[in-house]
There are 2 protein chains.
Amino acid sequence: MKLNRMYSFLKADIDEIEKELEAAIESDSPVLQEASLHLLQAGGKRIRPIFVLLSAKFGQYDIHQVKNVAVALELIHTASLVHDDVIDDAEMRRGRQTIKSQWDNRIAMYTGDYIFARSLEYITRIDAPEAHQILSNTMVELCKGEIAQIQDKYRFNQNLRDYLLRIKRKTALLIAASCQVGAISSGAPTEVHKRLYRFGYNVGMSFQITDDILDLTSSEKVLGKPAGSDLLQGNITLPVLYAMEHKHLYNQIIKVNEQTTKEEMQQIISQMLETDVIERSHAISRMYLDKALKELSMLPNNRVKKTLKNIANFIGNRKY
Amino acid sequence: MKLNRMYSFLKADIDEIEKELEAAIESDSPVLQEASLHLLQAGGKRIRPIFVLLSAKFGQYDIHQVKNVAVALELIHTASLVHDDVIDDAEMRRGRQTIKSQWDNRIAMYTGDYIFARSLEYITRIDAPEAHQILSNTMVELCKGEIAQIQDKYRFNQNLRDYLLRIKRKTALLIAASCQVGAISSGAPTEVHKRLYRFGYNVGMSFQITDDILDLTSSEKVLGKPAGSDLLQGNITLPVLYAMEHKHLYNQIIKVNEQTTKEEMQQIISQMLETDVIERSHAISRMYLDKALKELSMLPNNRVKKTLKNIANFIGNRKY
């Protein structure tokens, strides 16, 4: 099943969020408006808003309240992508030129700041101090994850713990917060929103590991950027960590740097695919997915539980 | 009188804020901790926290409440300085190496993000939705000011309106917010906190114009960076706008670029000082200062009004 078929019953609300996202970044500064829209319109899966909406169904769902949470979360995510691209020296994102390649690094930095600031305007509208606290903590952790990612670049002697902490901070906590704050904004009980947090955390870990696998197993056409981009930029992902346990791969991987060509990278990837590293990575992703599904099974029954399960399964097993 | 003598009665509270600022940026990431502390310890005048504290005296002053506002405002300001330095390619700030020159641009960007995120944790603690709204709007405007500053660099055909809008967004609104949110956090009446906002706005405008004058009239030793740095980086300030009304200066100024030497800049500055541009700039600064003092005169009488007046006069007339 296609992802967006799973939550087609939310279509009207998602459309409203899309409209609000465009309104959110409206600016009297043409460059700011254009740069922000550029990334926003490139799409993305809107995973975070969808988790917000579905989680809110565990309380008194009110789209006017929950909309602010969904927009805030998607804006935080978008802003962090903009800053990521400055760091990664990325030329392409979501199949389009990045802001920094189309404008410049300075514009990209402030466009990110601007989108962050806009997200605060939406957070402000959420009438729940607990939600504010969770979101500000999440942003602090996100920044720590970003800094760690810079420091860990091309650092080939890192271990599994470094990797897991990094993706927790960079990805999982924001998805966890999407679920939790979605639930809080609709007044769901503490036990429920804490469980949704854990569900989101585990889904997020599985999601990121799958993403890191796809960077190696998928094609440039599907990814919108060359395969092996992560490693090329020095980001050591789970399959790469496993690959380095193989002597012949270790010797090649530690030589990767910014000058490594697409062809050389393709050679390394081909050899990786002959080993068990993808399978082992999938197993870890699967482990997190199972944890997520277990949390889900303990939530009160309602009509969205099945949807959350389908989405979790989808993003933990997806091929693109 | 020295600035810090004017509010010596606040010393205990300011010390507490200093301690809280250091605690705020504490991190288990050594580079983040070091980079943040680097700038924070370099000092600065702590103008924003001081305005927060003094404005809070118009309500039920409670240092435990108002501390969060003061720390949040100083952190927002600090974060924006870090990002400024990335943009300005500045090597020195407050007499120290900038974060980007001591580490690199990427670390500087995320250190700024981190300090911003930390500020949110403090904003979250302020129990007043109105305050949250003001602060998020202020941050949006701040970003617009930053973007405008980039776009206006070396754009010699800009006018007074461009300049005033830019310094409003970049400086005045944050000082206005310091005053207003300080007052809101202590439960001061609406009329009072709105007036304090206008006071802060006008003081902020005067403050920034004075700053822009000092960049030309002060020495490298006092400034902690070479005189004329603004113009060298393409920032067209009020005295420069006035100078361009003089044909011989116009012809030299429009040739300024990143390659202009210290000596060439000194030559331009010397000729500027022979004209009326500094005097005219002071007159505008004075006009804003007078507006600020007028707002102040209409506030309820209390023991800090005199202090605010002294500080306003000081920062509008300061020589360093």
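Only one of the numbered conditions (1) in contact (Cβ under 8 Å) with a residue 40 or more places away in the chain; (2) in a helix (DSSP H, G or I); (3) among the basic types (Lys, Arg) is not met by residue A:19, and that is (1).
Taking the range A:171-189, which residues are within 12 Å of residue A:204 (Cβ to Cβ) and in contact (Cβ under 8 Å) with a residue 60 or more places away in the chain? Reasoning before the result, please.
First, the residues of the range A:171-189 that are within 12 Å of residue A:204 (Cβ to Cβ): A:171-180.
Those that are within 12 Å of residue A:204 (Cβ to Cβ) and in contact (Cβ under 8 Å) with a residue 60 or more places away in the chain: A:174, A:175, A:177, A:178, A:179, A:180.
I'd like to know if the range A:24-47 contains one or more residues that are of a type in the set (Lys, Arg) and in contact with a Ser or Thr (Cβ under 6 Å, 6 or more places away or on another chain). No: zero hits. Of the residues A:296, A:308, the single one that is under 25 Å from residue A:2 (Cβ atoms), buried (at least 20 other Cβ atoms within 10 Å of the Cβ) and in contact (Cβ under 8 Å) with a residue 24 or more places away in the chain is A:308.
Every condition in (1) over 27 Å from residue B:125 (Cβ atoms); (2) touching a residue at least 40 places away in the same chain (Cβ under 8 Å); (3) more than 8 Å from chain B (Cβ to nearest Cβ); (4) part of a helix (DSSP H, G or I) holds for residue A:156 except the one numbered (4).
For the range A:219-233, a residue qualifies if it is under 24 Å from residue A:244 (Cα atoms) and loosely packed, with under 15 Cβ neighbours inside 10 Å, and the qualifying residues are A:219, A:220. Of all the numbered requirements in (1) touching a Gly at 6+ places or on another chain (Cβ under 6 Å); (2) modelled with pLDDT of 95 or more, residue A:160 misses one, and that requirement is (1).
With respect to (1) more than 10 Å from chain A (Cβ to nearest Cβ); (2) at pLDDT 65 or above, the lone exception for residue B:91 is condition (2). Scanning the range B:252-266 for residues that are surrounded by fewer than 16 Cβ atoms within 10 Å (Cβ to Cβ), in contact (Cβ under 8 Å) with a residue 12 or more places away in the chain and part of a helix (DSSP H, G or I) yields a total of 2. Apart from one condition, residue A:216 fits all of (1) within 14 Å of chain B (Cβ to nearest Cβ); (2) buried (at least 21 other Cβ atoms within 10 Å of the Cβ); the exception is (1).
For residue B:131, are the conditions met, namely being at pLDDT below 90, more than 9 Å from chain A (Cβ to nearest Cβ) and either assigned to a helix (DSSP H, G or I) or surrounded by fewer than 23 Cβ atoms within 10 Å (Cβ to Cβ) (or both)? Considered against the rule, which asks whether it is at pLDDT below 90, more than 9 Å from chain A (Cβ to nearest Cβ) and either assigned to a helix (DSSP H, G or I) or surrounded by fewer than 23 Cβ atoms within 10 Å (Cβ to Cβ) (or both), residue B:131 comes out as no. Of all the residues that make up the range A:117-128, how many are facing chain B (nearest Cβ under 9 Å) and surrounded by fewer than 21 Cβ atoms within 10 Å (Cβ to Cβ)? Number satisfying all stated conditions: 3. Only a single criterion out of (1) touching a residue at least 60 places away in the same chain (Cβ under 8 Å); (2) within 27 Å of residue A:313 (Cα to Cα); (3) surrounded by fewer than 13 Cβ atoms within 10 Å (Cβ to Cβ) is not satisfied by residue A:241, namely (3). Here is the figure for the range A:159-199: residues that are within 14 Å of chain B (Cβ to nearest Cβ) and under 20 Å from residue A:125 (Cα atoms) total 4.
Among the conditions (1) among the hydrophobic types (A, V, I, L, M, F, W, C); (2) closer than 20 Å to residue A:110 by Cα; (3) not in a helix (DSSP H, G or I), the only one that residue B:115 does not satisfy is (3). Candidates in the range B:267-293 are the residues that are assigned to a loop (DSSP other than H, G, I, E, B) and either of a type in the set (Asp, Glu) or without any contact (Cβ under 8 Å) to a residue 12 or more places away in the chain (or both); of these, the one that is surrounded by the fewest Cβ atoms within 10 Å (Cβ to Cβ) is B:274.
Just one residue in the set B:60, B:97 is modelled with pLDDT of 75 or more and out of contact with any strand residue (DSSP E or B) (no Cβ under 7 Å at 6 or more places or on another chain); that residue is B:60. Against the condition free of Cβ contacts under 8 Å to residues at least 60 places away in the same chain, surrounded by 15 or more Cβ atoms within 10 Å (Cβ to Cβ) and either of a type outside the set (D, E, K, R) or in a helix (DSSP H, G or I) (or both), how does residue A:40 come out, does it pass? Criteria met by residue A:40.
Scanning the range B:281-299 for residues that are in contact with a Phe, Trp or Tyr (Cβ under 7 Å, 6 or more places away or on another chain), more than 13 Å from residue B:216 (Cβ to Cβ) and not aliphatic (A, V, I, L, M) turns up just one, B:295.
The values are calculated or read from the model by the stated rules, or taken from the named source; none is laboratory data. It should be emphasised that the depicted structure is a prediction, and the values quoted were computed from it without experimental measurement. For neighbour counting, all protein chains shown are included, and Cβ atoms are generated from backbone atoms with ideal geometry for every residue, glycine included.
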